[in-house]
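Before any comments, here is the structure.
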Amino acid sequence: MTEPVLAIRGVTKRFGPRSALNGLDLRIEAGEVFALLGPNGAGKTTTINLILGFLRADAGSVEVCGIDSGREPLAARRHVAYIPEQVALYPGMTGIENLRYFTTLAGLSLDESTCRTLLTDAGLAAEAQDRKAGRYSKGMRQKVGIAIAVAREAQLLLLDEPTSGLDPSASAEFSHVVRAAAARGTAILMATHDLYRIKEVADRVGVLQAGRIADEIDPATLDHVALEQIYIERLAAA
């Protein structure tokens, strides 16, 4: 069996008397989209912060490409790209300028042609690439974030509520971009409660309850109604 891109084994994380995670196990392979489904407060953000090395587990381990993110956070983070719910770009810079700036910080030097190709592949229209990012919609900012991740050749992409606030067209387009990233071999963890989009984009779905995966589902085997019913049942039991 090949080494997974992300391996979370028996992770517990407490904040005072409260356990945010309680023996969480999760494995994501290259080219796989895993949707972590759960309401606010279920532990999705805690999981992301542990992967990024901003928190350390009280028990268990988190490894990215075989690197323990608690012990070696900087080394693990080199393999990770994180796209938050609201991607922060410099508003006075164009899409191309933002891409070149953030990839320069990662030690890369991209020419304009390469930047345009990356942004186009991420779904950002040619005319928007020269527009100031201060005029971008949420979906457009996310596409620049995807282009940055691809340019860095990140092996693990973390998406935090990526479709929140997007209209149906933008959400569908974003899903297409995510599937394209997975097709290139990127492992993707998508923390969300967008049941409809999960059905369209995820290979596996984990329902987070009481700090662990209560159900793991192949979304191809269920329709939206059945998936919603499982989610509601787990939410009621929490």
### Message
Among the listed pairs Lys44/Lys143; Lys44/Lys199; Lys132/Lys199, which have their C-alpha atoms separated by more than 24 angstrom in this model?
### Response
Lys132/Lys199
#### Entry: Assigned charges on the beta-carbon of Lys, Arg, Asp, Glu; region 62-182 dipole about Cα centre (debye)
200 debye
### Query
Which angle between 0 and 90 degrees, to the nearest 10, do you get for helix 168-183 versus the longest principal axis of the chain when only C-alpha atoms count?
80 degrees
### Message
Distance between the C-alpha centers of region 180-194 and region 80-103? Whole Å please.
### Response
19 Å
### Message
Quick check: the distance between the Cα centres of region 36-66 and region 116-153, to the nearest angstrom?
### Response
27 Å
## Note on the structure
With the charge dipole of region 43-115 built from beta-carbon charges (+1 for Lys and Arg, -1 for Asp and Glu) about the Cα centre, the Cα from Leu52, Tyr82, Leu110 projecting farthest to the positive end belongs to Leu52
### Query
If you put +1 on each Lys and Arg Cβ and -1 on each Asp and Glu Cβ, how big is the dipole of the chain around its Cα centre, in Debye rounded to 20?
700 debye
### Summary
Rounded to the nearest 10 degrees, the helix 138-151 long axis (Cα) sits at an angle to the longest Cα principal axis of the chain of 90 degrees
### Task
Would you work out what percent of the accessible area of region 67-220, with all protein chains in place, is carbon or sulfur (probe 1.4 Å)?
50 percent
### Query
Pairing the Cα long axis of helix 224-237 with the longest principal axis of the chain, what angle in degrees results, from 0 to 90 and rounded to the nearest 10?
50 degrees
### Task
With runs of 4+ DSSP H residues as the only contributors, calculate the mean residue ellipticity of the chain at 222 nm using -39,500 (n - 2.57) per run, divided by the residue total and rounded to the nearest 500.
-10500 deg cm²/dmol
### Message
Using a Cα-Cα cut-off of under 13 Å, which aspartates and glutamates could be cross-linked to Lys13, ignoring same-chain neighbours fewer than 8 residues away?
### Response
Asp25, Asp58
### Task
Only Cα pairs under 8 Å and at least 6 apart count here; give the relative contact order of region 134-218 as a rounded whole percent.
27 percent
### Query
With every protein chain left in place, what is the accessible area per residue of the chain in square angstrom, probe 1.4 Å?
46 Å²
### Summary
Taking a ≥ b ≥ c as the square roots of the Cα gyration tensor eigenvalues, with a/c under 1.5 meaning rounded and otherwise prolate when a/b beats b/c or oblate if not, region 59-218 comes out oblate
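The values are calculated or read from the model by the stated rules, or taken from the named source; none is laboratory data. Computed from a predicted structure; not experimentally measured. Counting neighbours? That spans all protein chains shown, and the Cβs are built from the backbone with ideal geometry, glycine included. Heavy atoms of the whole protein, side chains included, go into the accessibility calculation; ligands, DNA and RNA do not. Shrake-Rupley method; radii C 1.70, N 1.55, O 1.52, S 1.80 Å.
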